[in-house]
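Below is one structure, written out as structure tokens; comments come after it.
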């Protein structure tokens with residue numbers, strides 16, 4: 001007999017050789033019908049895998065991320081089989097699951113393959129899926145695996161196998177198709193009911209531009225046609241909400257090849273929006289006891305050698321700037337934290353002075369590969385809403401919880417209410433990735449876990465996601481389209497204080513090391529604005545809108561009254577503009593709607609006579625006629641409702 005531990009902690013006894021599916025059946029027939037993948041002792045297994053030792057078993061369905069991964073990886077095999085049948089002689093390379101679906105990189109040789117060829121491949125995939133062919137994993141010796149692909153003339157698979165150890169090589173078979181594979185499959189092809197091949201792109205073999213360019217085919221599959229239909233509707237909505245498209249339409253930002261890739265230029269409306277975001281956080285930070293600092297855009301290379309950033313990222317970052325002085329090197333600032341450590345080091349501190357909270361909207365520079373750049377979400381120069389708290393170990397718990405409160409306030413004021421938190425821990429099997437002692441890492445990780453438990457946050461723990469100098473709490477936000485984004489982050493760091501020899505005098509008159517908390521509620525201004533744009537579709541909260549009101553005059557006769565309304569609104573700090581163009585009122589309303597201006601005030605003869613305005617709301621239509629004072633109160637109350645005061 002073997003003992004199988006389930007996720008709820010219960011332990012069940014089974015005969016040796018029991019399959020994963022048999023275990024699922026022993027729990028419930030419903031679970032057995034829905035289980036599509038599993039892991040045993042943290043290793044991915046098939047539902048047909050036999051279990052011959054004690055261990056922990058997790059069963060996955062379509063509703064689990066791991067289940068989807070197995071579903072989409074299996075679908076990549078179906079795509080590969082369809083391509084082999086339709087394009088004899090094609091050379092397959094790799095076909096992994098990704099966040100939304102899968103891809104397969106293919107060498108078509110002399111055969112052409114374009115977007116118009118996707119539909120016949122989809123049809124062939126559905127035909128294969130309906131055969132309900134079982135996926136079966138089998139072991140192979142390295143010699144046999146090499147012989148198989150050398151006979152096929154597939155140099156890509158040969159190269160992959162040459163990098164593997166004998167005894168670790170497996171193939172996956174289904175129907176008449178076989179492929180080199182490490183595992184993680186659904187029981188059979190019949191579970192795949194809906195297929196959509198989304199696009200094709202060029203991709204160099206192993207990401208090396210010196211290698212041959214392959215054709216990458218992206219696809220996605222579902223267990224129900226209805227789910228594919230819903231997904232495609234979301235894709236279309238996402239296109240409408242693409243921050244690059246909206247940023248151009250709303251005149252927020254632009255890019256210039258002459259300035260350089262990945263270096264955004266903020267236009268007047270975008271700059272004003274950023275300024276409001278910064279002022280919003282500055283006000284909350286001031287109440288929370290932060291002090292603003294400013295640091296340069298460059299620093300001596302030695303600064304980043306001390307911090308450890310150069311050793312970790314130097315080779316892949318912007319290269320050092322050489323000055324006329326021999327041996328003098330500077331770097332574009334990749335992080336603000338080393339500069340803040342030196343601000344702390346500028347004078348002696350006592351435990352009575354702590355905590356010290358230094359905040360900065362600091363612009364940093366990182367060399368991202370050109371193929372990875374994407375609008376504002378992946379850039380080479382960006383501004384972090386950075387702050388670093390230097391505190392005693394006894395103050396760490398309270399300070400960490402206060403930062404959580406600040407992040408929650410930011411999210412609430414901007415409509416991000418659907419989120420979870422992720423405790424990002426070090427990978428104990430890869431100690432070379434991190435700096436500092438195990439003792440300090442253990443203390444830092446436990447401090448984060450205690451804080452999220454005390455705050456009652458919904459959290460998961462992810463091994464291997466920590467920063468190189470410390471663990472962190474990442475806030476994973478779901479937007480209006482159900483997509484997950486990592487926004488705010490809080491990190492506990494015992495290591496930089498060691499490397500920079502930071503000290504304070506304790507109550508015992510001895511010198512001690514402070515603990516450092518890194519935090520950025522927005523993350524970066526660029527990425528945050530991009531996600532906010534896509535989440536709201538450009539319909540920002542009223543307090544943040546570049547233009548809150550458009551005043552539309554029925555004709556030039558009422559321009560003076562329109563200007564009077566504008567002045568009264570501006571006196572109440574309401575952002576408004578006058579549209580007195582010689583256009584029809586219908587066209588003015590349509591354009592104001594397209595520009596997502598929250599309120600339109602129509603003024604004509606009757607409004608001028610009565611001292612009123614006719615009010616329309618974006619997306620809703622007429623709200624009726626009211627006095628200017630009443631409208632100002634309406635705006636004021638709406639903003640107050642959105643922007644509750646931060647209470648530390």
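The values are calculated or read from the model by the stated rules, or taken from the named source; none is laboratory data. On a predicted model such as this, the values are computed, not experimentally measured, just so you know. Glycine gets a Cβ as well: all are built from the backbone with ideal geometry, and neighbour counts include every protein chain shown.
So is residue 605 exposed (fewer than 15 other Cβ atoms within 10 Å of the Cβ) and closer than 13 Å to residue 552 by Cα or not? It is true that residue 605 is exposed (fewer than 15 other Cβ atoms within 10 Å of the Cβ) and closer than 13 Å to residue 552 by Cα.
Checked against (1) out of contact with any helix residue (DSSP H, G or I) (no Cβ under 8 Å at 6 or more places or on another chain); (2) outside any helix (DSSP H, G or I), residue 184 passes all but condition (1). Just one residue in the set 566, 554 is more than 24 Å from residue 416 (Cα to Cα), outside the structural domain of residue 282 (by TED's automatic domain parsing) and modelled with pLDDT of 95 or more; that residue is 566.
Here 573, 559 are screened, and the one residue that is surrounded by fewer than 19 Cβ atoms within 10 Å (Cβ to Cβ), outside the structural domain of residue 408 (by TED's automatic domain parsing), without any contact (Cβ under 8 Å) to a residue 60 or more places away in the chain and in a loop (DSSP other than H, G, I, E, B) is 573. Taken together, the residues in the range 240-267 that are touching a residue at least 12 places away in the same chain (Cβ under 8 Å) and either part of a helix (DSSP H, G or I) or over 18 Å from residue 534 (Cβ atoms) (or both) amount to 13. Candidates in the range 279-296 are the residues that are within 16 Å of residue 407 (Cβ to Cβ) and not in a loop (DSSP other than H, G, I, E, B); of these, the one that is nearest to the chain's Cα centre (by Cα) is 281.
Residues that are farther than 19 Å from residue 286 by Cα and under 25 Å from the mean Cα position of the chain (by Cα) within the range 374-413 comprise 374, 375, 376, 377, 378, 379, 380, 381, 382, 383, listed in sequence order. Has the range 305-325 got any residue that is touching a helix residue (DSSP H, G or I) at 6+ places or on another chain (Cβ under 9 Å), part of a helix (DSSP H, G or I) and assigned by TED's automatic domain parsing to the domain that holds residue 527? No: zero hits. Given the criteria within 24 Å of residue 47 (Cβ to Cβ), free of Cβ contacts under 8 Å to residues at least 40 places away in the same chain, part of a loop (DSSP other than H, G, I, E, B) and more than 32 Å from the chain's Cα centre (by Cα), does residue 168 qualify? In short, yes.
So that you can scan it fast, the table gives a plain yes or no per residue for (1) in contact with a strand residue (DSSP E or B) (Cβ under 8 Å, 6 or more places away or on another chain); (2) surrounded by 14 or more Cβ atoms within 10 Å (Cβ to Cβ):
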site: 82; (1), (2): no, yes
site: 105; (1), (2): yes, yes
site: 123; (1), (2): no, no
site: 165; (1), (2): no, no
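On inspection, residue 313 passes the criterion of being within 18 Å of residue 363 (Cβ to Cβ) and either surrounded by fewer than 17 Cβ atoms within 10 Å (Cβ to Cβ) or over 29 Å from the mean Cα position of the chain (by Cα) (or both). Going residue by residue through the range 399-416, is there one that turns out to be more than 25 Å from residue 495 (Cα to Cα), without any contact (Cβ under 8 Å) to a residue 40 or more places away in the chain and out of contact with any helix residue (DSSP H, G or I) (no Cβ under 7 Å at 6 or more places or on another chain)? Yes, the range 399-416 contains at least one residue that is more than 25 Å from residue 495 (Cα to Cα), without any contact (Cβ under 8 Å) to a residue 40 or more places away in the chain and out of contact with any helix residue (DSSP H, G or I) (no Cβ under 7 Å at 6 or more places or on another chain).
Of the strands (runs of 3 or more DSSP E) lying entirely inside the range 327-403, the ones with 1 or more residues being at pLDDT 95 or above are found at 356-365, 381-391.
Restricting the search to strands (runs of 3 or more DSSP E) fully inside the range 410-518 and requiring at least 2 residues that are buried (at least 18 other Cβ atoms within 10 Å of the Cβ) and assigned by TED's automatic domain parsing to the domain that holds residue 280 gives 419-425, 472-478, 484-493. Within the range 209-218, the presence of a residue that is modelled with pLDDT under 95, assigned to a helix (DSSP H, G or I) and closer than 30 Å to residue 370 by Cα is excluded. Residues that are over 25 Å from the mean Cα position of the chain (by Cα), in a strand (DSSP E or B) and closer than 30 Å to residue 4 by Cβ occur at least once in the range 59-80. Scanning the range 219-239 for residues that are surrounded by fewer than 18 Cβ atoms within 10 Å (Cβ to Cβ) and under 21 Å from residue 90 (Cβ atoms) gives no hits. Restricted to the range 593-611, and to residues there that are under 49 Å from the mean Cα position of the chain (by Cα) and in a helix (DSSP H, G or I), the residue that is nearest to residue 628 (Cα to Cα) is 607.
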